[in-house]
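A short reminder: the numbers here are calculations on the coordinates, not readings from a lab. Keep in mind that what you see is a predicted model, and the values were worked out from it rather than measured. With ideal geometry, Cβ positions are generated from the backbone for all residues, glycine too; neighbour counts draw on all protein chains shown.
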């Protein structure tokens, strides 16, 4: 059932993109016949089972053992399974649609023309390099002019400007009541995997922070920042020093 549901999701995504690309109106004619299942007679790979194992002893092996034995994880992947295969197939189908539209374009004003133009602009590296930061210089100037937390929040929520916030707020399903939506507030994430990467002074963590600081400084350089070393140090490891100072203060008081 999970395989069937996932496949339906992948096919629906491609169908939506194809419909958007052609800009065709909804048809009142009878729907096209459903194509046969790609796996088995009804979309479940019964050959993936290992019938030498009793389901009561090891149900995972009984249901998946045959597939596991004959499947190798691709060299460029860290995992491989039904979801990954379906996602890869959906990506290939979407790429084929977009490549076709980018090569042929469409009538002015149609979705086909918009998709083709958007993708071709994305691939035009020479034009991107020539424009530099000019297309977003206005937004950069607004960021540099920020002086208060209120100004920062007002800019973050401005339509048309894509900025991240230390605190993320969005509308989502209520985890305690799936029949309603509610405002969800959470942290905006970290640059490094978790907080211990900022706190610990043993092992590989100091070297990781140094490499991360160099990366942040390089990114700020691309954005034309002149004080990028100081800003990178404050963003990458400044919190580490502040936490250490706070810990020393607590120890002294204790």
Among residues belonging to segment 52-67 that are free of Cβ contacts under 8 Å to residues at least 12 places away in the same chain and under 20 Å from residue 39 (Cα atoms), point out the one that is surrounded by the most Cβ atoms within 10 Å (Cβ to Cβ). 61
Which one of 126, 141 is surrounded by fewer than 11 Cβ atoms within 10 Å (Cβ to Cβ), more than 24 Å from the chain's Cα centre (by Cα) and under 30 Å from residue 101 (Cβ atoms)? 126
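Could you say which residue among 200, 209 is farther than 19 Å from residue 164 by Cα and in contact (Cβ under 8 Å) with a residue 24 or more places away in the chain? Steps first, please.
Details: 200 fails: in contact (Cβ under 8 Å) with a residue 24 or more places away in the chain.
After ruling out the rest, the residue left standing is 209.
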